[in-house]
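Engineer: Here it is: the structure, laid out below.
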Amino acid sequence: MYGTDTKPSLLGILYGTDTKPSLLGILYGTDTKPSLLGILYGTDTKPSLLGILYGTDTKPSLLGILYGTDTKPSLLGILYGTDTKPSLLGILYGTDT
């Protein structure tokens, strides 16, 4: 944790005393731009990762494609055969063909 036996130490990586950029600096954008949180929430990039995931920045959303709320058939429906027959897993493992 403190790096007396190893360099860099965990705290040194976290706060940037042993490595640059630091983990916190990458997360909050003090060492890198865009920051990880800025990418996630869209303050540094548009569309944001959460916006793509939930569809606030893009339509269809990734979750909507996955579960079929924005597109039919859904990716999971194709994979498991609830929306299509045969299913991709059924073809892969031979249970459907």
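Read the figures in this text as sums done on the coordinates, not as results from a lab. For clarity, every value in this text was computed on a predicted model and none was experimentally measured. When we count neighbours, we look across all protein chains shown, and the Cβ atoms used for this are built from the backbone with ideal geometry, even at glycine.
Engineer: When Pro47 is evaluated against the numbered criteria (1) assigned to a loop (DSSP other than H, G, I, E, B); (2) without any contact (Cβ under 8 Å) to a residue 12 or more places away in the chain; (3) over 14 Å from the mean Cα position of the chain (by Cα), which criterion, by number, is the only one it fails?
Structural biologist: All conditions pass for Pro47, except number (3).
Engineer: Within region 1-38, how many residues are surrounded by fewer than 15 Cβ atoms within 10 Å (Cβ to Cβ) and assigned to a loop (DSSP other than H, G, I, E, B)?
Structural biologist: 14
Engineer: Out of Tyr93, Tyr54, Tyr41, Tyr67, which single residue is over 30 Å from Leu23 (Cα atoms), without any contact (Cβ under 8 Å) to a residue 24 or more places away in the chain, aromatic (Phe, Trp, Tyr) and surrounded by 14 or more Cβ atoms within 10 Å (Cβ to Cβ)?
Structural biologist: So the residue among Tyr93, Tyr54, Tyr41, Tyr67 that is over 30 Å from Leu23 (Cα atoms), without any contact (Cβ under 8 Å) to a residue 24 or more places away in the chain, aromatic (Phe, Trp, Tyr) and surrounded by 14 or more Cβ atoms within 10 Å (Cβ to Cβ) is Tyr67.
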